[in-house]
Amino acid sequence: MLAVVSGLLMTMGMSGCKDGFTDTPKFTPVVNRRGPEAQLEPRKVMPAFGSDQELRSYFREHAQKQRLRQQSMDMMSTNMAAPAAAKSESSSRATDAKADESVTNVQHAGVDEGGIVKLHGNYLVILRRGRLFTVSLRDSELTPVSNIDAFGPDINPGSTWYDEMLVSGDTIAVIGYSYERGGTEVGLFQIDQEGHLSYSATYQLRSNDYYSSRNYASRLIGSKLIFYSPLYIYPGTDDPFASFPAVRKWHKGATNGEFRRIVSANHVYRPEHTLDDSDGMALHTVTVCDLAGGGFDCKATSVVGPPGRVFYVSPNSVYVWVTGGIYRGQTVETESMLYRMPLDGAEPSALRVSGSPVDQFSFLESDDDHLNVLVRSEASGDGMWGAEVAAGDVALMRVPLTSFSDGSASADPSMYRRIPKPDGYTFQNRFVGDYLLYGTGSGWGYASAKPRSSLFAVRWDNGRTRELPLTHGVDRIEQMGSDAVVVGTDGKDLHFTSVRLGNSVSVADEYVRMNASQGELRSQGFFYKPDGNDSGILGLPISVSGRPGYRHLFENSAAILFLKNSSLRFQEIGELGARSDWAKNDGCRASCVDWYGNARPLFVRGRLIALLGYELVEGKIGDGGRIEETRRVNYAPHGYEVVQR
């Protein structure tokens, strides 16, 4: 992944968007050739393959088409005097009845996301640089208890990234990706009532890398672990099933023959409309594993589609939006399909769509049984750093869930509402309440001042749009009660702007932290803890002024900044900072780059704690309304220190 970062930054530095609109928008919805009345037909679902033989024939046909296309392109390249390479941006590459208080900033309440810190009873569980740690919160203490490798005792962790963690009952699931073993790994650990950790088992699943600079591969609903993984299908493979989604329980000396397929032919679905496979083909697999009682009973469903993807989980369904390129002479047009997999076990369905979402925050399955999605015309999913370079015209697609069928019908053009395209290249979006909010900022690149910056607010039910001028870019959009906060840089200082969302939309207040930048880019780096209908405290990691976004991979945040919100008016109440003199050599063997961040504000049972790398710093709000540090602990694996105030 490291080699990709520099290439990404070069791409971002050269990217740009044209001002305003052209007379003919680049965003052109696919027309439903069967006519609008097709939307009113009885609901149909996608067909599944009937047998391995049928599936094998499908792959052979795909391989033959790929070979013919390559021959045609080779001839074209030979015959043209000044050949131009076609450009394509395809991707390479049982809970208790009483749930613990959440310490994760999630997109949907009740849908937990894989992260680096969770709460289990009286213990914080932390995933850090290839190890799991527990820290006791019992009786107001802050004491390290246990640590263990986040992988099995007989596993070589080299070339493996242990990224995400979820806790179900007394089971901890660590999700990672191994380049050496070529697949997703799920390590299961147990935590006892005293906070001690023990290793249970590791399961390996065939897949390609699920990494996204914004999205998370895993979710947890109840005791059900849900995770997404792509598997790219290469033409000409003698036995396509040799690399099919499969699972094995790891042990020393494990062989490929121990993999057990988890997707039968009749659980591989394809839309009735044949997608162009010029850009390649992938099996997009959603696996659901029941962790109740420490088990790992898994079922998987795959859909066939082009490689570009965005994965979204609502409380009711899993959605996978896939995007590929269609070669038309020397240009590439995109073609997309949206799959819906209900969590109640109903069969998947599909809808032909246009463009691509930017990331998971481009989606909202609303209570009125509609799916609302922001799409851009020049985007191809959020795999790796795809979300950072999405571009083109912007539209809001709003479709009733009854529109999904067997994939032969398209979302009607009337279901797309064109909305303003902002200046800039690092696009952020979020559904908050009745509104879709979006804008552009600096993202992973260097902090920069924008001569003109705006936040756009769109009522997703009727499309009414408002543009709000800002004094800074849009690098983060978060929900704050029934309203929102927008965070961004002006190139030197870090701004927090509160936005009132109601019958009208307006900027309510702005707080400026001088000479500072965001210390975290991922959504989980932020947390807002309400303490009333219109009041609460927010926390966000910060760093030095002008720090490029990508430096969060290699440098710890300097502090967690806390702001008090009172009726959308901000007041700084202080920060809890890291101690550079506490840095230690941790003997890291795996996950030695912080792809998923290293800092979190934690609000736990009335306590206020900052996670900063290997430090946990606790504070309290004193009589003067400011945060006072009360203790800190370094929980690093080779001894720890505790300082009480």
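Coordinate-derived values only; no laboratory data. Just so it is clear, the model here is predicted, and its values are computed rather than measured. FYI the Cβ positions are ideal-geometry reconstructions off the backbone, even for glycines, and counts take in every protein chain you see.
Evaluating 6.51 cos²θ - 1.76 cosθ + 1.60 at θ = phi - 60° for every residue in region 629-638, the Karplus couplings come out as 5, 10, 6, 8, 9, 9, 9, 3, x, 9 Hz, glycine and proline recorded as x. From most to least packed by mean Cβ count within 10 Å, the peptides 462-469, 104-111, 352-359 give 352-359, 104-111, 462-469.
Farthest toward the positive end of the dipole of region 499-645, out of 507, 591, 621, is the Cα of 591, where the dipole comes from beta carbon charges about the Cα centre. When peptides 557-570, 409-422 are sorted by average Cβ neighbour count within 10 Å, with the highest value leading, the order is 557-570, 409-422.
Checking the Cα-Cα distances for 421/529; 252/584; 118/529; 421/492; 450/529 against a 27 Å cut-off, the pairs over it are 421/529; 252/584; 450/529. Counted over all Cα-Cα pairs of region 152-238, pairs farther apart than 19 Å make up 44 percent.
Distance from the C-alpha centroid of region 568-634 to that of region 167-213: 26 Å, rounded to the whole angstrom. Note on region 112-179: with charges restricted to the Cβ of Lys and Arg (+1) and Asp and Glu (-1), its dipole about the Cα centre is near 180 debye. Taking the Cα centre of region 244-293 as reference, the dipole from Cβ charges on Lys and Arg (+1) and Asp and Glu (-1) amounts to some 500 debye. For region 200-244, applying the loop criterion from DSSP together with a ceiling of 15 other beta carbons within 10 Å to the chymotrypsin sites (Phe, Trp or Tyr not before Pro) yields no site. Across region 560-569, rounded Karplus estimates of 3J(HN,Hα) from the backbone phi angles (6.51 cos²θ - 1.76 cosθ + 1.60, θ = phi - 60°) give 9, 8, 10, 10, 8, 9, 10, 6, 6, 9 Hz, Gly and Pro being marked x. Across every direction, the projection of the convex hull enclosing the Cα atoms of region 343-497 has a mean area of 9.9 nm². 3J(HN,Hα) along region 248-261, derived from phi through the Karplus expression 6.51 cos²θ - 1.76 cosθ + 1.60 where θ = phi - 60°, amounts to 9, 8, 6, 8, 4, x, 4, 10, 5, x, 8, 5, 10, 4 Hz, with x in place of Gly and Pro. Can you tell me how region 157-198 classifies by the Cα gyration tensor, rounded, prolate or oblate, using a/c under 1.5 as the rounded cut? Prolate shape, in that a/c is at least 1.5 and a/b is the bigger ratio.
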